[in-house]
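A.B. asks: One structure, as structure tokens, below. Some questions next.
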Amino acid sequence: MFRFRRVRRVSRAYTTSLTNEAMKRIRNIGIIAHVDAGKTTTTERMLYLAKATRRMGDVDAGTTVTDYMDQERTRGITVTSAAVTFQWKGHRINLIDTPGHVDFTIEVERSLRVLDGVVAILDGVAGVEAQTLSVWKQSDAYRLPKICFINKMDRPGANFDYCVEAIQSKLGADPLVTQLAIGSGRNFEGVLDLLTMRARRWHGGKMSEWAALSDDASSLRERAQTARRALIEKLADADEKTMECLVERLTLAFDSIAADEIRAGIARATCAGAVVPIVCGSALKGVGIDAVLDSVVDFLPPPPADESANEYAEEPRALAFKVLHDKQRGPLVFLRLYSGRLRPHTALYNVNRERREKATRLIEIFANEQREIKELLPGNIGVAVGFKETVTGDTLVSLAGHKKSREALAGLSVPDPVFYCTIEPDSASLQKDLDHALTCLAREDPSLRVVSDPESGRTILKGMGELHLEIVEDRIRKDFGVAASLGPLQIAYRETITSTATETANRSLSIGGQLNEVDITLRLSSATGRGPVETVTNECAKTRDAEIIEAVRSGIISACSRGPLVACPVVDVEVALLSLTTSPSASLSAVARCANECALKALSAAGPALLEPRMHLQISTPEEHLSAVLSDLSSLRSGIVEEVQTRQDFRVVLATAPLARLRGYAKEIRKLTHGTATFTMEFNSYALVAPHMQERTLKELKSFVY
Ligand code: GDP
């Protein structure tokens, strides 16, 4: 027994050290960028350089690996976060794609949640654009270390210094220049690495190898020496060890500090969030891509080792951050493994669904190729095939250990959907296929809800925005091959009451010779901001049998599920039971029916009114477009501006506005600001529809029949 335990302990320690070694060579990274900054082009070049693809994909020709879904190709935006793995200098890089569209902030959050570091890409001409600003802030909330690639240095107007300055002033980060651009725009020749003082140039359609500066490049050498000194000084301010290293060599001989020492210092300062290393180049020409990859490996952190050193170290513990449906293999679940090792057929427990799960196979997505693996190591990202119920955002632990590690990893908070519409197959025989497609899509995307309307029996989709639902329709047609169409897009209104009403209902029915006599008086009053209807809160209820009170309650709740105006759910109402008389033999269903009738009468008598979702908007715009944005908000969108913040030459407008006035806002704001502003929009609260709009809205809603 003793021997067994000793042997086991040794082998555990050995396994753990092997695992830790492997973990040190993993980088889980994401790229953030404003649309068009060159995220896709850079990714393609990285995959090509890492020999993960043989052919270079081309955004303009629509042949890239990461934008592999059809609708992404045609729309030119990246909607789905897919993970791609490749090797660089003995490291395994898991690149998780982060989309940038406003309708998909949940997709961004989902991917940031499983990253350890970020590469931000800037357009060398445009500098820091609004989308970079908002995703950068989101990634700051997750304390993710970042490096920055200033791209498009070959474009006329590219300005390296301007971009570096903008990183400091607009993003509030401390840029650490590790590379210089040699020339810019048409004169862009290549890049110079300040750590090694070597340059790489673009000559006659191809790149030279890294080489020391020639003797005739004295002015460039001088510039580089100054920049190297500035780099070391700045690093010494941010990193104590670098400072010690400088002090030890009393003379402050900057040139004597080796590239490796600087590299280690930059890694420490980057991981501590003190600096953001800057590299530059042109993704289109393939310049600077190796520096981006080197910086990922050298400066961004591996998965934190302490994650696997906790009490669950041996138990698999994973977060499902993405589900995709494959026609042949069913759901593919992208996992980040936080601890333990995962093998196919390991019995797992889904903490959120409280169900067992088992992967029949594990694969890694290696560029556009899928490779089967025997084991997934902690800190790594892989894809499980064969899960039955797992939904995006779920936590999985080993079945054996689930009792001690049952706690879910912080998942995603999914906002309430504010848009809905019906969906119908083009022919009734396709209903089953449509149901299957919708089940699959709802597993992929927790912000999509699929419900069945109890009255009409129709299927209703609820989602976050116009584009969100359009893409769902597209995917049903293209990925699942089901011809189906969406009904008109509707806003999820609610109903409420504006005054108090007391009503009585009476039922007297003889069933099977027994007299069912019920007499109920209810008082309904407005309870603004309290949400779901609160029923039977008063004294009278306490004197009666719990069963009877439950029947009264269910009658009221069912009345409030379809309000008197346009059959929307009723909220913000308090119901008091004033009196209840029943004959001794009255059935519970007679009580429920009577309560229902009484509540309906009272709802109609208490000044019913329509509530609409108001959204909270955060709009980032360059200062010159601020007045256009503000006047559009107040004159056309019934917006209420709460605050205008200043972030250097950007203005950030915080406002609320009714969702009904925000249809097509993404397009409109692009027009107003020549594409320079971005916004995020999330549900704020329900508020009464303005009196002058109420009649029109009701008319529109009544004409919308499921
Ligand atoms: P994304 O929207 O951030 O993924 O950007 P893309 O990679 O799709 O690039 C947007 C456009 O910029 C495409 O037309 C690219 O060919 C172009 N582009 C990307 N990188 C560069 C670059 O380094 N230089 C120039 N001149 N154009 C580039």
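A.B. asks: Heavy atoms only, 1.4 Å probe, whole protein assembly: order Leu688, Leu654, Leu672 by accessible area, highest first.
C.D. replies: On the way: Leu688 95, Leu654 25, Leu672 50 Å².
Result of the area sort, largest leading: Leu688, Leu672, Leu654.
A.B. asks: Taking a point 7 angstrom from the Cα of Glu209 along the C-beta vector, which residues in the stretch 271-300 have backbone N less than 18 Å away?
C.D. replies: 288, 290-291
A.B. asks: What full-extension length gain, to one decimal in nm, is calculated for Glu455 and Ala272 as 0.36 nm per residue of separation minus the Cα-Cα distance?
C.D. replies: 60.2 nm
A.B. asks: Quick one: putting +1 on the C-beta of Lys and Arg, -1 on the C-beta of Asp and Glu, what dipole do you get for the stretch 613-703 around its Cα centre, in Debye to the nearest 20?
C.D. replies: Approximately 440 debye in magnitude.
A.B. asks: Still on this structure: Mind listing which chymotrypsin sites (Phe, Trp or Tyr not before Pro) in the stretch 84-183 are in a DSSP loop and have 13 or fewer other Cβ atoms within 10 Å?
C.D. replies: Loop-located and lightly packed - Tyr142.
A.B. asks: Okay, moving on. Let me check I've understood the local charge: for Ser398, count other residues with C-beta under 9 angstrom from its C-beta, Lys and Arg +1, Asp and Glu -1. What total comes out?
C.D. replies: That sum, taken over residues with Cβ under 9 Å, equals -1.
A.B. asks: Note the full-extension length gain between Arg186 and Glu248 as 0.36 nm times their separation in residues minus their Cα-Cα distance, in nm to one decimal.
C.D. replies: The Arg186-Glu248 span can extend by a further 17.9 nm.
A.B. asks: Something else about it: Could you work out how much longer the chain between His345 and Thr498 gets when fully extended? Use 0.36 nm per residue separation minus the Cα distance between them, nm to one decimal.
C.D. replies: Working it through step by step, the gained length comes to 49.3 nm.
A.B. asks: Another question, then. Which residue, chosen from Ile365, Ile381, His345, occupies the Cα position most advanced towards the positive end of the dipole of the stretch 344-385, where the dipole is computed from +1 (Lys, Arg) and -1 (Asp, Glu) charges on Cβ about the Cα centre?
C.D. replies: Farthest towards the positive pole: His345.
A.B. asks: Right, here's the next one. What nm distance separates the two modelled labels at Asn506 and Lys702, each placed 7 Å from Cα along Cα→Cβ?
C.D. replies: Taking the simple label geometry, Asn506 and Lys702 are separated by 3.2 nm.
A.B. asks: Another one. Relative contact order for the stretch 613-703 using alpha-carbon pairs under 8 Å, separation at least 6, rounded to a whole percent?
C.D. replies: Reported as a whole number, the value is 40 percent.
A.B. asks: Related question: Give, as a single signed number, the net charge of other residues whose beta carbon lies under 12 Å from the beta carbon of Tyr420, with Lys and Arg counted +1 and Asp and Glu -1.
C.D. replies: Cβ neighbours under 12 Å give a net charge of 0.
A.B. asks: In the neighborhood of Phe299, defined by Cβ-to-Cβ distances under 11 Å, what is the net charge if each Lys or Arg adds +1 and each Asp or Glu adds -1?
C.D. replies: +2
A.B. asks: Computing the accessible area with a 1.4 Å probe over protein heavy atoms, can you report the carbon and sulfur percentage for the stretch 419-492?
C.D. replies: Summing carbon and sulfur atoms, their accessible area is 49 percent of the total for the stretch 419-492.
A.B. asks: Let me ask something additional. How much accessible surface does Tyr349 have with a 1.4 Å probe, in Å² rounded to 10?
C.D. replies: Looks like 30 Å² after rounding.
A.B. asks: If the only charges are +1 at each Lys and Arg Cβ and -1 at each Asp and Glu Cβ, what is the size of the charge dipole of the stretch 443-512 around the Cα centre, to the nearest 20 debye? Could the numbers behind the result be given before it?
C.D. replies: Details: 9 positive and 11 negative charges, 40 e Å.
Roughly 200 debye for the stretch 443-512.
A.B. asks: Of the listed pairs Lys170/Lys671; Lys24/Lys478; Lys285/Lys671; Lys388/Lys432; Lys89/Lys285; Lys51/Lys206, which have alpha-carbon separations greater than 29 Å here?
C.D. replies: Violating the 29 Å limit, Cα to Cα: Lys24/Lys478; Lys285/Lys671.
A.B. asks: For the stretch 107-149, list residues with backbone N below 15 Å from a point placed 7 Å from the Cα of Arg670 toward its Cβ?
C.D. replies: In the stretch 107-149, the label zone of Arg670 (backbone N under 15 Å from the point 7 Å along Cα→Cβ) covers 130-131.
A.B. asks: Taking R0 as 41 Å, what's the FRET efficiency between Arg355 and Arg661 from their Cβ-Cβ distance, rounded to 0.05?
C.D. replies: Efficiency at R0 = 41 Å is approximately 0.45.
A.B. asks: Now for a separate question. For a quick check of understanding: with a 1.4 angstrom probe and all protein chains in place, what accessible area in square angstrom does Glu372 have, to the nearest ten?
C.D. replies: 110 Å²
A.B. asks: Still on this model: I'd like the distance separating the alpha-carbon centroids of the stretch 598-662 and the stretch 154-215, in whole Å.
C.D. replies: 43 Å
A.B. asks: Okay, next question. How would Arg45, Arg336, Arg494 rank on accessible area, largest to smallest, probe 1.4 Å?
C.D. replies: Arg494, Arg45, Arg336
A.B. asks: On a 1.4 Å probe surface of the protein chains, which of Ser620, Ser184 comes out largest in accessible area, and what is the full order?
C.D. replies: Sorted descending by solvent-accessible area, the residues read Ser184, Ser620.
A.B. asks: Modelled label-to-label distance, Asp426 and Gln694, 7 Å Cα→beta-carbon offset: nm?
C.D. replies: 4.4 nm
The values are calculated or read from the model by the stated rules, or taken from the named source; none is laboratory data. Being a predicted model, the structure only gives us computed values, none of them experimental. Ideal geometry is used to build each Cβ from the backbone, glycine not excepted, and the neighbour counts take in all protein chains shown. Just the protein is used for accessible areas: all its heavy atoms, side chains included, with ligands, DNA and RNA removed. Shrake-Rupley method; radii C 1.70, N 1.55, O 1.52, S 1.80 Å.
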